[in-house]
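*Asks:* Below is one structure. I have some questions about it.
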Amino acid sequence: IVRDRTVSCYPACAPGLTVAGGTYADIPIDQAQTDGNLITAPAWPAHPAWMSQFLKALGTTITHA
């Protein structure tokens, strides 16, 4: 899944990610990383950023009345 992709994960998991062939994106703990259709984040503080990128990938538009 991660081979040849740039993804984020909890920092302690980065060595396993690189062994699996992925490129570790060292991003702030509250940010998310998108590579194609794969959206990743390092930890729970990134839930808002992850959800925003996920909805964008789905083509969802949210409007406020």
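The values are calculated or read from the model by the stated rules, or taken from the named source; none is laboratory data. Predicted model only: the values in this text are computed from it and were never measured. Ideal geometry is used to build each Cβ from the backbone, glycine not excepted, and the neighbour counts take in all protein chains shown.
*Asks:* Which members of the stretch 16-51 meet the condition of being over 10 Å from the mean Cα position of the chain (by Cα), aromatic (Phe, Trp, Tyr) and not in a strand (DSSP E or B)?
*Replies:* Trp44
*Asks:* Taking the stretch 1-37 only, how many residues are touching a strand residue (DSSP E or B) at 6+ places or on another chain (Cβ under 7 Å), under 15 Å from Met51 (Cα atoms) and not charged (D, E, K, R)?
*Replies:* Summing the residues that are touching a strand residue (DSSP E or B) at 6+ places or on another chain (Cβ under 7 Å), under 15 Å from Met51 (Cα atoms) and not charged (D, E, K, R) in the stretch 1-37 gives 3.
*Asks:* Exactly one of these conditions fails for Gly22: (1) surrounded by 12 or more Cβ atoms within 10 Å (Cβ to Cβ); (2) modelled with pLDDT under 95. Give me its number.
*Replies:* With (1) surrounded by 12 or more Cβ atoms within 10 Å (Cβ to Cβ); (2) modelled with pLDDT under 95 applied to Gly22, the lone miss is (2).
*Asks:* Within the stretch 54-63, does at least one residue satisfy the condition of being in a helix (DSSP H, G or I), of a type outside the set (A, V, I, L, M), surrounded by 12 or more Cβ atoms within 10 Å (Cβ to Cβ) and free of Cβ contacts under 8 Å to residues at least 24 places away in the same chain?
*Replies:* Yes: the stretch 54-63 contains one or more residues that are in a helix (DSSP H, G or I), of a type outside the set (A, V, I, L, M), surrounded by 12 or more Cβ atoms within 10 Å (Cβ to Cβ) and free of Cβ contacts under 8 Å to residues at least 24 places away in the same chain.
*Asks:* Please list, ordered by first then second residue, the pairs with beta carbon atoms under 8 Å, 6 or more apart or interchain, first in the stretch 12-38 and on the phi > 0 side of the Ramachandran plot, second outside any helix (DSSP H, G or I).
*Replies:* These pairs meet every condition: Gly21/Val2; Gly21/Arg3; Gly21/Asp4; Gly36/Arg5.
*Asks:* Looking at the structure I just gave you, is Thr34 among the hydroxyl-bearing types (Ser, Thr, Tyr), surrounded by 13 or more Cβ atoms within 10 Å (Cβ to Cβ) and touching a Leu at 6+ places or on another chain (Cβ under 9 Å)?
*Replies:* Answer is no for this residue.
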